[in-house]
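The values are calculated or read from the model by the stated rules, or taken from the named source; none is laboratory data. Just so we're clear, the structure is a prediction, and the values are computed from it rather than from any experiment. Methodologically, a virtual Cβ is constructed for each residue, glycine included, from the backbone with ideal geometry; neighbour enumeration extends over all protein chains shown. These accessible areas exclude ligands, DNA and RNA; they are computed on the full protein's heavy atoms, side chains included. Shrake-Rupley method; radii C 1.70, N 1.55, O 1.52, S 1.80 Å.
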Amino acid sequence: MGYLEEQLTTLHAYLPDLTRRPDFDAFWRETRHKADCVPLRPTREVHAFPGNAADVYDISFRGFDETPIHGWYLVPKGLRAEDRVPCLIHYHGFTGHRGFPAEFLQWVSLGVSVLSVDCREQGGMTGNEAAFSSGYATNVACKGILDKNEYYFRAVYMDCVKAIDLALAQPETDSTRIIIEGGSQGGALGMAVCSLDARPWLAMVDVPSNSHLAKRVANGNGSFSSVTDYLKMWPQHLERALDTLSYFDTMNLADRIRCPVFASVALRDTVCPADCYFASYNRIHAEKEIRVYPFNGHEGGGPHHNEAKMNWLWQRLGTTRPADG
């Protein structure tokens, strides 16, 4: 058995015990109902953008607690009023933002529209109107850690679900072909959204976070080192913090995913370790495929994997590639 085959055998067999609490499903039903009751209040304004590839719009909508969420919406130029195209929704990495329109032209080149949205209280224009009854350490991944109803990612997961509502409210969108895409935190959000919502058609998730969170906290990996730091100060809250995290661990959500998933991990990733993600990936019952990059870190497969994603989506779109030469 070769080096990579040995690693893969171990990873594909990795199934740590789930940490789902008895009220897990009830919690998410209540959370989703609360999110669905918030009016979307979408805005869409033309953004000047050069070239003949895309029309670009500066958009916003109301998130889980009516926090205004900001984003970009790109539409392939030249669509007729009756045309409907797939919409790819992009979720960004931790501390990032909605990005810049030029970053998404590769997807527009495949004939899809793109919606890229901020995560609240990170690097973009979006703030946070949520209230928290306890303090936190280091970063937002620790906010509300003592109460599942206040925890930061409860609102973020629902903001991302409501981004699907926004995509479906656009006149250009083919409602049957919603594509979810993101890396790191964005990969985690993609996993969560596809677990909590039946509308995604396809998902592409890279070096995903938010999986096997007890292990992430124990090892101080990535953004969840903030919870590690918090528990250094307040060790008496260990079980309470882990209880909260269990509701947001994609390991506990993954068996709900219905759409095909194209994933990637890197074996030298110490931010979002590959084995932590396999705790989620191995529980996906839907069609799935994963690329493993043995000598890469949190950058993942880089341009190699980016092209692999484009090819995977291109084939799914049912488009025939022009003959070479």
Matching residues in the range 55-81 - criterion: being free of Cβ contacts under 8 Å to residues at least 60 places away in the same chain and surrounded by 16 or more Cβ atoms within 10 Å (Cβ to Cβ) = Asp55, Val56, Tyr57, Asp58, Ser60, Pro68, His70, Trp72, Leu74, Pro76
request  = Might you check whether a residue that is more than 24 Å from Gln122 (Cβ to Cβ) and in contact with a Leu (Cβ under 6 Å, 6 or more places away or on another chain) occurs anywhere in the range 201-211?
outcome  = no
ask   = Which one of these is modelled with pLDDT of 95 or more, closer than 20 Å to Thr10 by Cα and of a type in the set (Asp, Glu): Glu239, Glu289?
value = Glu289
inquiry  = For the range 248-303: of the residues being free of Cβ contacts under 8 Å to residues at least 60 places away in the same chain, closer than 21 Å to Arg199 by Cα and of a type in the set (A, V, I, L, M, F, W, C), which is surrounded by the fewest Cβ atoms within 10 Å (Cβ to Cβ)?
reply    = Ala286
Considering residues of the range 82-109 that are open to solvent by less than 30 Å² (accessible area, probe 1.4 Å) and aliphatic (A, V, I, L, M) only, the residue nearest to Ala130 (Cα to Cα) = Ile89
request  = For the range 168-193, name all the residues that are open to solvent by 10 Å² or more (accessible area, probe 1.4 Å) and either in a loop (DSSP other than H, G, I, E, B) or not β-branched (Val, Ile, Thr) (or both).
outcome  = Leu168, Ala169, Gln170, Pro171, Glu172, Asp174, Ser175, Arg177, Glu181, Gly183, Ser184
message = Looking at the range 124-167 only, could you name the residues that are among the small types (Gly, Ala, Ser) and not in a loop (DSSP other than H, G, I, E, B)?
response = Ala141, Ala155, Ala163, Ala167
inquiry  = Anything in the range 1-49 that is surrounded by 15 or more Cβ atoms within 10 Å (Cβ to Cβ), among the β-branched types (Val, Ile, Thr) and in contact with a strand residue (DSSP E or B) (Cβ under 9 Å, 6 or more places away or on another chain)? List them, or say none.
reply    = Val38
ask   = Listed residues Asp165, Asp118, Asp147; which is buried (at least 19 other Cβ atoms within 10 Å of the Cβ) and either of a type in the set (Asp, Glu) or over 22 Å from Ala48 (Cα atoms) (or both)?
value = Asp118
